[in-house]
1. Could you list all residues from region 230-256 that are surrounded by fewer than 19 Cβ atoms within 10 Å (Cβ to Cβ) and assigned to a loop (DSSP other than H, G, I, E, B)?
2. Give the residues of region 132-168 that are surrounded by 23 or more Cβ atoms within 10 Å (Cβ to Cβ) and of a type in the set (G, A, S), sorted by residue number.
3. With the structure loaded, tell me whether K209 is basic (K, R) and crowded, with 18+ Cβ neighbours inside 10 Å or whether it fails that test.
4. What about G129, is it small (G, A, S), at positive phi, surrounded by 18 or more Cβ atoms within 10 Å (Cβ to Cβ) and touching a helix residue (DSSP H, G or I) at 6+ places or on another chain (Cβ under 9 Å)?
5. Counting just the residues of region 95-109 that are more than 10 Å from Q146 (Cβ to Cβ) and within 12 Å of the ligand (Cβ to nearest atom), which one comes out surrounded by the most Cβ atoms within 10 Å (Cβ to Cβ)?
6. Which residues, taken from region 155-204, are part of a loop (DSSP other than H, G, I, E, B), over 18 Å from the mean Cα position of the chain (by Cα) and either within 21 Å of R100 (Cα to Cα) or more than 16 Å from the ligand (Cβ to nearest atom) (or both)?
7. Scan region 208-215 and tell me whether some residue there is outside any strand (DSSP E or B), farther than 16 Å from I128 by Cα, touching a residue at least 12 places away in the same chain (Cβ under 8 Å) and not acidic (D, E).
Amino acid sequence: MKKRNIVVANWKMNPETLEEAKKVFNGARLAAKGLKNTDVVVCPPFSFIFPLSKVIYPKNMFLGAQNASTEIKGAFTGEISVEMIKNLSAKFVIVGHSERRAMGESNEIVRKKLQITFNTGLTPILCIGEKERDKEGTHLAFIKNQIKECLADLHKKYLVGIIIAYEPIWAIGKSYKEAMSPTDIHVIVLYIRKVLAEICGRDIANSAKILYGGSVESQNALEILEIGNVEGFLVGHASLKPEEFKEILQTADVKK
Ligand code: PGA
């Protein structure tokens, strides 16, 4: 069966008002309507999820959270549980984004978040990616270790169709000119599948959806999709610009 492409909009800590959030969401909603082979997941800050869930949006569009607690409920000041996220009618959770890892989230914490997200019936989007690269290829060992530790002891039934967003940290938040080259992305995509096959078996490796994130803009989206051989993107800053995001979505929908 052909896999649908998926484009995740990670708004991060933007925008400041609900009014603006509605505008950005509306742009994504209109663009999502015309897509045939692509799902769109919009991940706003927590405070906007509920009001946006009241907007009518197409079937191929979903709300997601940018993070979730490792705990189910209780005395965890400032945390939001997966159950709460589910009750806001969000379906996805970004887990292990590099900006959260930079705040101290270890692979072990990411693993717990994956487990609790799967248990609740939500779909996690696991983020991985190295801080820097060197000629010796230590980044490959780093990525392998991230995958191994994040997926350790997770039941295989959950891992079928797992969504992994590969986001090299050095390429995040820049312009398309500084994104990773599509050929390099292709090499990493093959590598991630190889590691998945080693750890979880070939079927799971083949079923995984691998996305690229890190300065995806309308200018580089097509090349990344075609040459990088990914099944979609995780888009940060460009997802806040409706026209730009629309172009990215249309590009994602072109290639199957
Ligand atoms: P960017 O962010 O598209 O602004 O590089 C991607 C991300 O961090 O998820």
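1. K241, K255, K256
2. A165
3. Yes; evaluated as a whole, the condition is true for this residue.
4. yes
5. It comes out as H97.
6. Residues satisfying the conditions are H155, G201.
7. No: zero hits.
Yes/no matrix, rows are residues, columns are (1) within 18 Å of the chain's Cα centre (by Cα); (2) of a type in the set (D, E, K, R); (3) part of a strand (DSSP E or B):
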{"site": "G64", "(1), (2), (3)": "yes, no, yes"}
{"site": "E79", "(1), (2), (3)": "no, yes, no"}
{"site": "A90", "(1), (2), (3)": "yes, no, no"}
{"site": "E108", "(1), (2), (3)": "no, yes, no"}
{"site": "T117", "(1), (2), (3)": "yes, no, no"}
{"site": "P124", "(1), (2), (3)": "yes, no, yes"}
{"site": "D134", "(1), (2), (3)": "no, yes, no"}
{"site": "L140", "(1), (2), (3)": "no, no, no"}
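Laboratory data are not the source of any read-out in this text; all were calculated from the coordinates shown. Small disclaimer: the values here were computed from a predicted structure and weren't measured. Counting neighbours? That spans all protein chains shown, and the Cβs are built from the backbone with ideal geometry, glycine included.
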